[in-house]
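The values are calculated or read from the model by the stated rules, or taken from the named source; none is laboratory data. Just so you know, these numbers come straight off a predicted model, no measurement behind them. Cβ: placed from backbone, ideal geometry, glycine included. Neighbour counts: every protein chain shown. With ligands, DNA and RNA removed, areas are computed over all heavy atoms of the protein, side chains included. Shrake-Rupley method; radii C 1.70, N 1.55, O 1.52, S 1.80 Å.
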Amino acid sequence: MAKSLVVVESPAKAKTINKYLGRDFKVIASMGHIRDLPKSKLGVDVDDDFTEEYVSLESRKKVLKDLKDAAKDASAIYVATDPDREGEAIGWHVIQELKGKKRKFHRLTFNEITKKAVQEALNNPRAIDEKMVAAQRARRVLDRLVGYKISPLLWDKVRRGLSAGRVQSVALKLICDRERAIEQFVPVEYWHVFARLAGSQPPEFEAKLFKKSGETITVSSEAESKAVLDGLERAEWTVTSVVTKERKRNPAPPFITSKLQQTARFPVKKTMMLAQQLYEGGIEIPGLTGGLITYMRTDSVRVADEAIVQVREYIAGAFGDDYVPEKPNAYKTKADAQDAHEAIRPTSLQHDPEAVKSFLTADQYSLYRLIWNRFVASQMPPATFDETTVDVTAGDYLFRVKGTVPKFPGWMATYGLTPGETEQKEGSGPAAGETSDDDDTASGVLPPLAEGDRLELKALRPEQKFTQPPPRFSEATLVKELEENGIGRPSTYASIIGVLQDREYVNKIEGRFKPSALGVMISDILIKSFDDIIDVEYTRSLEEDLDKIEEGKTDYVKTLTAFYKKFKKNLARAGKEMIDLKKGVEIGEACDKCGHPMLKRVGKFGPFIACSAYPECTNTREVETQEPESESGEEEIEPCENCGKPMAVKRGRFGPFLACSGYPECKTTRKLIANKQGGLTAAKRDQVLDELCPKCNANLVVKQGRFGEFTACTRYPECKYIKHKTTGLACPKDADKGGEVVERKSKRGKSFFGCSNYPDCDFVLWNRPILEPCPKCNAPYLVEKITKKLGRQLLCNNEDCDYARSEELPETAA
């Protein structure tokens with residue numbers, strides 16, 4: 001009997017759906033796109049209505065063969081790719097490859113991978129949405145035109161290997177603009193004045209200076225703060241106003257993709273990977289045959305009526321009837337959102353995070369709990385609290401303090417918070433020029449106070465402050481900026497951020513993006529030649545045009561024609577006017593060695609300054625002067641240990657490093673290693689030991705390598721002796737020649753264990769040997785194996801022996 005063919009995108013999704021459909025269906029994963037524009041050429045005929053030339057992807061040839069073989073005898077073909085533009089386009093490409101005279105194609109869409117959702121989709125198939133496909137095709141062609149037309153210009157004028165992307169270039173401009181704002185920022189001094197006061201009953205409390213003579217006061221200097229203190233010297237402190245109001249904090253709507261990316265504690269790429277795992281249903285959990293969450297690429301805060309009923313029942317059972325609002329909470333989806341599918345939520349309230357925690361990785365659990373709590377909280381009542389504002393007068397001055405008393409936790413009960421507590425939100429710091437704590441009051445727990453009460457002054461405390469520059473973008477705040485400006489789509493943010501880092505246009509310093517000298521240069525070049533392409537408003541309007549294609553308000557050809565008309569003119573102008581950094585641009589400075597003009601150029605490792613008389617004069621210097629940062633961000637580079645001259649940051653094949661500024665007379669270098677915050681820290685200096693090399697009798701030295709510290713001979717490269725960490729085990733093959741098993745590193749930095757007499761002896765172990773005879777076969781050693789599932793195991797390495805036992809990890813390894 002012929003089977004129906006179902007095409008999905010991923011193997012995990014295929015495995016899950018196959019459980020629901022049974023023997024009459026064959027489910028095959030396309031592994032994403034099976035066709036794309038060719039890499040070797042533009043692949044778009046700009047003179048023939050932007051007709052695309054699609055080719056089968058080399059990496060999908062086997063998948064395509066399997067699909068065609070399965071389609072030959074299929075009674076029906078169902079395209080069940082993801083329910084968004086990209087998924088619609090993948091399904092369209094699949095149909096183009098498989099279509100035949102008698103074949104019938106059906107489109108299945110479901111927002112969650114559950115048996116009910118899949119069956120409902122199967123009972124209500126539709127045709128491919130050609131307008132959605134046209135919108136995706138238009139995006140692909142726009143990106144190809146920008147990338148394949150501008151990138152060759154950069155190759156010709158700057159350096160091979162560079163790229164410009166339609167959305168990527170705008171993101172780079174945002175990062176560069178922010179860096180300029182930071183560099184140009186001038187901090188402004190201001191002062192707070194706090195009064196420590198006591199009423200008739202404890203506790204004491206602290207109020208902050210707010211007004212003088214009825215006008216809001218700004219204290220700008222230490223002299224002004226002293227004048228305030230002098231004016232308060234003999235003042236009487238009296239409560240002049242006590243106002244209590246009920247305040248409410250409403251819950252946030254359930255997650256959309258961009259908000260999940262901003263809130264999760266992971267990089268954007270990892271957040272989406274984890275969400276994909278939770279969605280696809282590949283996690284083995286008893287009683288669960290589908291995914292844990294709904295589709296994770298969505299702009300909509302809409303929630304299905306059935307899910308609303310379920311969550312209200314769950315809230316009543318978990319928290320009580322008081323925590324269920326009279327009517328379900330409704331949230332407004334933004335005007336330009338694609339409302340094809342729901343907000344991100346759990347597929348079932350039967351699988352709470354704690355119940356499934358043991359089946360998830362720590363990261364999967366963390367993200368699932370975040371999604372769960374946000375969804376449950378979104379259908380709970382507001383948190384309420386009483387906020388009391390107390391004004392205290394002292395002479396001409398008015399001090400103010402606020403205190404809060406929780407009344408009803410509402411939605412905050414989901415997070416274990418009280419109404420007075422707040423959640424820390426990344427990116428919620430002050431804007432440029434604002435104070436870092438610009439609230440108009442101090443706050444805390446207040447004693448009983450009434451109007452007319454006299455207070456005792458315990459202490460006056462002036463505090464100096466400075467306005468802060470805008471912070472550099474983190475992944476979360478960059479996503480927020482892109483989203484608020486309507487640039488790109490949440491599904492593309494991870495790849496945009498990845499490309500900026502891969503091209504070395506930006507560096508991550510303590511988790512935040514700083515543009516490299518190359519990135520700033522590329523951004524400046526693009527602004528001059530393609531001001532509209534990297535203009536935020538223009539990019540937003542293009543996104544709106546793509547939405548209009550999907551809505552049927554405009555079409556593919558009209559949108560691309562309007563774009564290309566202006567783009568073509570800019571290309572022609574850029575070809576003539578773009579500065580040629582391969583030849584070099586004069587910087588108005590003479591060479592200090594020969595007097596010829598110095599030029600700014602771009603080489604393999606980024607921008608640099610070089611003498612125009614090259615190759616006769618080889619004088620060069622780095623443009624990028626960013627110093628490595630320690631975990632505190634304030635490490636000072638030590639001078640060269642050999643000649644005492646300053647060390648400078650250089651770039652080489654393997655990234656930045658420190659080199660003596662006295663080069664070529666002094667060739668001292670030091671490695672830069674990544675610290676925990678993502679910044680760079682200078683590696684430790686080489687430490688010469690009293691221990692002698694067993695091969696040449698020179699001193700040994702502790703050095704910092706690509707994979708950590710190691711001990712080697714000071715006469716390298718003449719003597720290539722490296723001292724490896726010994727395991728204490730004599731080599732089973734070469735013990736008679738003094739061979740012992742030592743820890744070594746592979747080319748990729750993975751530890752393994754081999755004979756110290758390598759290459760003469762090829763004995764190797766991938767697991768650490770333990771000096772303990774096997775209790776079962778008396779082999780001289782066991783090996784240690786550590787896995788997430790089984791923890792630490794000690795096994796016999798003898799193939800004929802099955803001895804194994806589990807043990808706790810030693811404290812040093814835990």
Original post:
Could we say that residue 764 is surrounded by 14 or more Cβ atoms within 10 Å (Cβ to Cβ), among the β-branched types (Val, Ile, Thr), in contact (Cβ under 8 Å) with a residue 12 or more places away in the chain and more than 25 Å from residue 696 (Cβ to Cβ) here?
Top reply: no
**OP:** Considering every residue within the range 22-36, establish whether at least one is touching a Ser or Thr at 6+ places or on another chain (Cβ under 8 Å), charged (D, E, K, R), without any contact (Cβ under 8 Å) to a residue 60 or more places away in the chain and part of a loop (DSSP other than H, G, I, E, B).
**Re:** yes
**OP:** Considering only the range 21-46, state which residues are at pLDDT below 95, over 33 Å from the mean Cα position of the chain (by Cα) and open to solvent by 50 Å² or more (accessible area, probe 1.4 Å).
**Re:** 23, 24, 26
Original post:
Within the range 107-115, can one find any residue that is surrounded by fewer than 20 Cβ atoms within 10 Å (Cβ to Cβ), touching a residue at least 12 places away in the same chain (Cβ under 8 Å) and in a helix (DSSP H, G or I)?
Top reply: yes
Subject >> Single match in 298, 271 (criterion: in contact with a helix residue (DSSP H, G or I) (Cβ under 7 Å, 6 or more places away or on another chain) and modelled with pLDDT under 90) >> reply: 298
Original post:
With (1) farther than 23 Å from residue 263 by Cα; (2) surrounded by 18 or more Cβ atoms within 10 Å (Cβ to Cβ); (3) touching a helix residue (DSSP H, G or I) at 6+ places or on another chain (Cβ under 7 Å) as the list, and residue 285 as the residue in question, which single condition is left unmet?
Top reply: (2)
Subject >> Residues of the range 162-176 satisfying the condition of being of a type in the set (A, V, I, L, M) and either open to solvent by 10 Å² or more (accessible area, probe 1.4 Å) or more than 18 Å from the chain's Cα centre (by Cα) (or both) >> reply: 162, 164, 167, 174
**OP:** Hey, can you tell me all the residues within the range 134-170 that are small (Gly, Ala, Ser), part of a loop (DSSP other than H, G, I, E, B) and more than 16 Å from residue 542 (Cα to Cα)?
**Re:** 161, 163, 164
**OP:** Could you please find all residues in the range 454-499 being assigned to a helix (DSSP H, G or I), of a type outside the set (Lys, Arg) and open to solvent by 30 Å² or more (accessible area, probe 1.4 Å)?
**Re:** 481, 484, 491, 492, 495, 499
Original post:
If you take the residues in the range 83-96 that are of a type in the set (Asp, Glu) and open to solvent by 10 Å² or more (accessible area, probe 1.4 Å), which one is farthest from residue 124 (Cα to Cα)?
Top reply: 86
**OP:** Within the range 488-511, identify whether any single residue is aromatic (Phe, Trp, Tyr) and closer than 21 Å to residue 541 by Cα, and answer yes or no.
**Re:** yes
**OP:** Please work out which residue is farthest from residue 792 (Cα to Cα), limiting yourself to the range 753-771 and to residues that are among the aromatic types (Phe, Trp, Tyr) and within 39 Å of the chain's Cα centre (by Cα).
**Re:** 753
**OP:** Check whether at least one residue in the range 490-507 is modelled with pLDDT of 90 or more and charged (D, E, K, R), and report yes or no.
**Re:** no
**OP:** Six or more apart or on different chains, Cβ under 6 Å: which pairs go from a residue in the range 511-539 that's over 20 Å from residue 476 (Cα atoms) to one that's polar (S, T, N, Q) and part of a helix (DSSP H, G or I)? Could you list them?
**Re:** 526/169; 530/570; 534/169
**OP:** For residues that are closer than 16 Å to residue 144 by Cα and open to solvent by less than 40 Å² (accessible area, probe 1.4 Å), tally how many sit in the range 537-569.
**Re:** 10
Original post:
Pick from 207, 223: which is among the aliphatic types (A, V, I, L, M) and either surrounded by fewer than 16 Cβ atoms within 10 Å (Cβ to Cβ) or part of a helix (DSSP H, G or I) (or both)?
Top reply: 223
**OP:** Collect the residues in the range 256-284 that are farther than 15 Å from residue 369 by Cα and either in contact with a Cys (Cβ under 8 Å, 6 or more places away or on another chain) or not in a helix (DSSP H, G or I) (or both), keeping them in residue-number order.
**Re:** 256, 267, 281, 282, 283, 284
Original post:
Yes or no: residue 598 among the aliphatic types (A, V, I, L, M), in contact with a Cys (Cβ under 9 Å, 6 or more places away or on another chain) and more than 29 Å from residue 483 (Cβ to Cβ)?
Top reply: yes
Original post:
When residue 441 is evaluated against the numbered criteria (1) closer than 26 Å to residue 209 by Cα; (2) at pLDDT 90 or above; (3) of a type in the set (S, T, N, Q); (4) open to solvent by less than 30 Å² (accessible area, probe 1.4 Å), which criterion, by number, is the only one it fails?
Top reply: (2)
Original post:
Do we find that residue 794 is in a strand (DSSP E or B), in contact with a Ser or Thr (Cβ under 9 Å, 6 or more places away or on another chain), in contact (Cβ under 8 Å) with a residue 12 or more places away in the chain and of a type in the set (A, V, I, L, M) in this structure?
Top reply: yes
Original post:
What pairs come up if the first residue lies in the range 146-158 and is under 18 Å from residue 565 (Cβ atoms), the second is among the polar types (S, T, N, Q), and their beta carbons are under 7 Å apart, counting only those six or more places apart or on different chains?
Top reply: none
Original post:
Mind checking which residues of the range 588-646 are within 29 Å of residue 156 (Cβ to Cβ), modelled with pLDDT of 75 or more and open to solvent by less than 40 Å² (accessible area, probe 1.4 Å)?
Top reply: 591, 598, 599, 602, 603, 607, 609, 610, 611, 613, 617, 619
Original post:
Scanning the range 7-20 for residues that are outside any strand (DSSP E or B) and among the aliphatic types (A, V, I, L, M), which turns out surrounded by the most Cβ atoms within 10 Å (Cβ to Cβ)?
Top reply: 17
**OP:** Just need a number here: residues in the range 56-77 that are out of contact with any His (no Cβ under 9 Å at 6 or more places or on another chain) and without any contact (Cβ under 8 Å) to a residue 40 or more places away in the chain.
**Re:** 11
Original post:
Tell me, which residue of the range 56-96 that is of a type outside the set (A, V, I, L, M, F, W, C) and part of a loop (DSSP other than H, G, I, E, B) is modelled with the highest pLDDT?
Top reply: 81
**OP:** Looking only at the range 548-562, decide whether some residue is without any contact (Cβ under 8 Å) to a residue 24 or more places away in the chain, of a type outside the set (Val, Ile, Thr) and under 22 Å from residue 47 (Cβ atoms).
**Re:** yes
**OP:** Determine which member of the set 183, 246, 233, 179 is under 43 Å from the mean Cα position of the chain (by Cα), exposed (fewer than 12 other Cβ atoms within 10 Å of the Cβ) and not in a strand (DSSP E or B).
**Re:** 183
Original post:
Does residue 103 meet the test of being closer than 18 Å to residue 7 by Cα, modelled with pLDDT of 95 or more and of a type outside the set (Val, Ile, Thr)?
Top reply: no
